[in-house]
Amino acid sequence: PCSHTGRALVCRSRWACTGIENIDEAITLLEQNNWDLVAAINGVIPQENGILQSEYGGETLQGPAYGPTSHPTASSSTPSSSSAFRHVVPSRQIVERQPRMLDFRVEYRDRNVDVVLEDSCTVGEIKHILENELQIPVSKMLLKGWKTGDIDDSTVLKTLHLPKNNSLYVLTPDLPPPSSSNSGALQESLNQNFMLIITHREVQREYNLNFSGSSTIQEVKRNVYDLTSIPVRHQLWEGWPPSATDDSMTLAASGLTYPCHRLTVGRRSSPAQTREQSEEQCTDVHMVSDSDGDDFEDATEFGVDDGEMFGMASSALRKSPMMPENAENEGDALLQFTAEFSSRYGDCHPVYFIGSLEAAFQEAFYGKARDRKLLAIYLHHDESVLTNVFCSQMLCAESLVSYLSQNFITWAWDMTKEANRARFLTMCTRHFGSVVAQTIRTQKTDQFPLFLIIMGKRSSNEVLNVIQGNTTVDELMMRLMAAMEIFSAQQQEDIKDEDEREARENVKREQDEAYRISLEADRAKREAQEREQAEQFRLEQIRKEQEEEREAIRLSLEQSLPPEPKKESTESVSKLRIRTPSGEFFERRFLASSKLQVVFDFVASKGYPWEEFKLLGTFPRRDVTQLDPDKSLLEVKLYPQETLFLEAKE
C-alpha cells in the first residue's frame, strides 16, 4: 500500500483534472456532493455530447454542452475499462448549474432514515424511498416537518428553498401502533449492556468492548476506528446478524447475542489502491469510492497530516491539548484539563481534584480515619489508541463515576507532552519512590491511559495498583473494588486506633479537667480563708483601736472627775449606788450641788459611756440619761442617796 503522501498526491492529481483552482469553489462543490470526491468530479467532467456518465450502474445525467471555444479537443481514442471520462477542463458556468444535494433525516417512531436527493426531485420521490425503507405504503404516510404549507407529492424541492440539512418526521394515523410487549422488550434491551468481543484480523488482537443497547452500529464502528485506525468506510466486518442492515440501528434492535457477541474486523482493500500504478500511466482518470459521505474521519488519507488540504492547515483539525506545557500552577493546568475533558467526552466524568498533588494527598489521607479515601491518579495520553475508548466508554460510565466520587479523590495529569511527563515522573519519585517512577517510565504509549490507585499509610504512600488502558469497565470496577477492600481493612484498623487514642485522650482530658476544678476549689477556699483572716484582723484592729480610744476617753474622764467628798464633809452629799448589766455594783459620793454630767462621766470612766448605756432610776422608774445634764443632783432628786442601774441601749 502507498504512504499517506502518495495518497494525497493521487487525490490532488485527480482533483486537478477538473481545472478548478479556486479553493472556495472546490469546497462548495464538495459540500453539494456531500464530500463525495468521485461524485464531485463526475459532476464537472462531461462527455463531448454533454452527457455525464457514472461508472456504477451506467446511470446517465444530462449535462450542459460546451461551446467550441470553451471545450478543448479531446482524445479520439476509445475509453478503456479503467477510464470512464476524458480529461477536460470545464467552464465555471457548469459548476453553477449543478443541482444542489439536500440531506433529509426522517424520524419514524424509534427509527431515523437518512435520505439524500437533488433539489430537482419531488416530495413524492422522498415518500417512495421511505416506502422501501420503512415498509409503509405511500397512501398511509404523512410527511411532516416542512417549513412552509401547501405541499403535495408533486412539489419540487427546489421551489421550497430548503437548507442543505433538513429534519422531517412521518405520521401513520391509519396504522395501529406496535404492541406494548414488543416495545417493552425493546426498551429492556436498550437498557442492557452488550459485550462485543472484536478480533482485529490483520494483527490478531482481541478487544473486549462494552456498549449499551441504545448505542448504534455506527458508534461501534467509530470506536473500532479509534482502536485500529481503520476508517469506517474501509472496515470489513464478519459476525453481524443478518438483521443488522443499517448503521443507524441500535444494538438492541440489531439481533446481537446477549450478553456477549463475537465480531471480526479487517481492512477492506480499495479498488483504487490496486489500480494506482496503472492510473499514473494514463491521461484519463478512473475514480472509485465506497465512502458513505459522513465517514470523513480518516483525513490522513487525503494528505492532511503532511501539509494542507484545500488550503486548511492541519493544526486546525487537531484537538486542543488537555494540559498546557510547562504550566507553572498545577491547579490552573487541571482546570484546563477538566474543561477540555468535558468538551471531548461530556459532563458525565469523574470529579477531578483541582490543586497540586500534595493538596490531593492532604485531602485524601490526612483527615479523620472515617473521612479518608483512596487517591486515584488518572494519567492521560492523547497519542494512545486506547485513550478515546477508555475515556468515553469507561471513565464516563455512570456506575464508575458514582463509585469514584464516593470512595476516591481523583487527580489527573496529561503525559502527552514530554515536559509534563518529566514533571510528573519527578513528583512520582518524590512521593512514591524510584521503583514506581521507573514502572511508569517504562510504560509504552499504547499502554496508556494509566490508573494509579494510592493508599496513604502512616509512614509512606503505597501504590496498590497500576491499571492500564486495555481493560473493560467490569474489570476496572473489580480492580477498584479490590483496592477498596484492602483500603477498608486498613481503614478499620485506623478507625480502631483512632477511637482508642481518642478514648485515652478523653480520659486524660477528664482527669485534667477534674484536677483543674480541684485546684480551682482549693484556691478559692484558700482565698476565702485569707479574706476571712484579713477581715478578722481588720476587725480586731478596729476593735483594738476602739478600745484604746475608749480607754483614753475613760482615763481622761476619770482624771477630769472632781474628787469624791469625804464622809465627814459638812456639805450636802448624795450617795449613789449603781448596778452594772453584769450584776456588779459600784458606789460613790457626789456633792448634791454637782451637775448630773459628773455622774455620766463617772459611769463612762467605768466603761459605760452614756451614748451606749441608759442610766435608770428605780422609784419612780425613769431614764436619768434623758434629764438635763447641767442640773444638779439635788434638782433631779438624786439626793441624799439613790440606787441606779445600767442598761444597754437598743
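No value in this document is a laboratory result; all are computed from the given coordinates. Just so we're clear, the structure is a prediction, and the values are computed from it rather than from any experiment. Note: ideal-geometry Cβ built from the backbone for every residue, glycine included; neighbour counts use all protein chains shown.
Just a few scattered comments:
- Net charge of neighbours whose Cβ lies under 9 Å from the Cβ of Thr264, counting Lys and Arg as +1 and Asp and Glu as -1: +1
- The spacing between the stretch 533-576 and the stretch 28-43, judged by their C-alpha centroids, is 142 Å.
- Each of the peptides 204-211, 598-605 was scored by the mean count of other Cβ atoms within 10 Å over its residues; in descending order, highest first, they stand as 598-605, 204-211.
- Whole-Å semi-axes of the stretch 506-547's equivalent ellipsoid (Cα gyration tensor): 40, 4, 4
- Annotation: peptides 447-454, 337-344, ranked by per-residue average of other Cβ atoms within 10 Å with the highest first, follow the order 447-454, 337-344.
- Whole-Å distance, taken between Cα centres, linking the stretch 397-437 and the stretch 577-618: 110
- Largest first, the extents of the alpha carbon coordinates of the stretch 552-650 on the three principal axes equal 41, 34, 26 Å.
- Restricting the calculation to alpha carbons of the stretch 512-597 gives Rg and Dmax of 26.7, 90 angstrom.
- Virtual spin-label span in nm between Ser139 and Glu611, 7 Å along Cα→Cβ: 13.9
- A DSSP coil position with no more than 13 other Cβ atoms inside 10 Å describes the following GluC sites (Glu not before Pro) in the stretch 542-648: Glu568, Glu571, Glu584, Glu611, Glu612.
- For the stretch 320-431, the relative contact order works out to 32 percent when only alpha carbon pairs closer than 8 Å and six or more residues apart are counted.
- Cut-off 13 Å between beta-carbons: net charge of the residues surrounding Glu532, Lys and Arg +1, Asp and Glu -1: 0
- All distinct Cα pairs of the stretch 111-178 go into the 1/r average, and the inverse of that average, the Kirkwood radius, is 12.7 Å.
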